[in-house]
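Student: So that we are looking at the same thing, I have put the structure below in structure tokens.
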Amino acid sequence: MARVDAKSVLLVRLLGALDEGCYSFDGLRERIAQDGALPSPRSLRRYLSVLADANFPWFYDRARGVYRFVDGYSLRALKLDRGEIFGLVALRSLAKSLGGSVGAAVDTLARRVVSSGAGASPEAHDLPFGMPLPQAQLDERTEKVREVLAAAERDRRVVAIEYVDRHGKSSARDIEPYGLIVAGGRYYCVGYDRMRRARRTFALDGMESARLTPRTYQRPAEFDLDKWMSSSISGLMTGDAAHEVTVRFDPRIAKAAVAASSRLDRDLAKNEDGSVELRLRVADLDELLRWVLGWGSEARLVGPESALVGMRRLLSEIGRYYETAPNMR
């Protein structure tokens, strides 16, 4: 029998706990604990995010103080074993990674499997709750690139690509594909760039060509795609440096900010006035600064000083533009 890793076991236990619909956040941690070892709050948030990304309709029922599935949704009637349930998680995650019409078709298939076991029509699950898949539309050339990368990752083959970066500069690269990400309607490949001798993220629509080579590689055992994505707001880590930044959010947006950052590597502190402070660990400081600005004046950067210097510089550049911008009437 194939070995099921610890993360798979936790995801299956979490699905079961959500199906029972009677656990608080701490209750979920106790319910899915293995050998008495509770997952950290950050790990549980990450597992919940995985299931949300895979389109499982769980939510926090504030009236009852529990996490559960929407009314009419259940996996119990299917009577699946642990491996089969994890297969369903993988199927729905596959739909997310594929995107577009193919991904939508895979997700529809998964929903039909669930609905056939629950004795309800797929539409019954769609009405009260919506978790849309990211739509990544691929042209013919980019679809061929995706197929080459998928084959390379499966067979551990090095890929030779012709790449045009965001500045329009072309270069030839040899990369070792570690995985694909869909973000902002675009496909990205995370892998090792042999020329740069570092891990990089490449947009698939920036690849003019992709060709399998006879050379092989071994993906590092410690590489974790979830951990890689947790170091970036967009899920696309662009550097190796680690920055720890603290941001305070006013009470009016505190809950929204906590929810929006649930996938990130963070620590959370709640204040008596209802505000929250998030200590975030990210790879791209500029990306974080732009994200903080998106919350307006109700989000305040606390530190460190290097982040404050970067924010002052960014605000100064914005201010100069609006001071000199022509009056558009």
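Student: Among the helices (runs of 4 or more DSSP H) lying completely within the range 238-329, list those that include at least 1 residues that are without any contact (Cβ under 8 Å) to a residue 12 or more places away in the chain and more than 18 Å from the chain's Cα centre (by Cα).
Tutor: Answer list for the range 238-329: 251-260, 305-324.
Student: Is it the case, given these coordinates, that Val182 is touching a residue at least 24 places away in the same chain (Cβ under 8 Å), among the hydrophobic types (A, V, I, L, M, F, W, C) and farther than 14 Å from Thr213 by Cα?
Tutor: For Val182, the condition - touching a residue at least 24 places away in the same chain (Cβ under 8 Å), among the hydrophobic types (A, V, I, L, M, F, W, C) and farther than 14 Å from Thr213 by Cα - is met.
Student: For Arg248, state whether it is modelled with pLDDT of 85 or more and in contact with a strand residue (DSSP E or B) (Cβ under 8 Å, 6 or more places away or on another chain).
Tutor: The answer is yes for Arg248.
Student: Please give the number of the condition Arg196 fails out of (1) within 22 Å of the chain's Cα centre (by Cα); (2) at pLDDT 85 or above.
Tutor: Evaluating Arg196 over (1) within 22 Å of the chain's Cα centre (by Cα); (2) at pLDDT 85 or above leaves (1) as the failure.
Student: Identify the residue in the range 258-267 that is of a type in the set (A, V, I, L, M, F, W, C) and within 20 Å of Leu285 (Cβ to Cβ) and, among all such residues, is modelled with the highest pLDDT. Give the steps one after another, and end with the answer.
Tutor: Looking only at the range 258-267, we keep the residues that are of a type in the set (A, V, I, L, M, F, W, C), and these are 258-260, 264.
In the following step, the residues that additionally are within 20 Å of Leu285 (Cβ to Cβ) were identified as 260, 264.
Values: Ala260: 77, Leu264: 74.
Looking at the filtered set, the residue picked out is Ala260.
Student: For the range 299-324, what are the residues that are surrounded by 12 or more Cβ atoms within 10 Å (Cβ to Cβ) and among the hydrophobic types (A, V, I, L, M, F, W, C)?
Tutor: Within the range 299-324, Ala299, Leu301, Val302, Ala307, Leu308, Met311, Leu314, Leu315 qualify.
The values are calculated or read from the model by the stated rules, or taken from the named source; none is laboratory data. Model, not experiment: these values are computed from the prediction. Backbone-built Cβ (ideal geometry, glycine too); neighbour counts: all protein chains shown.
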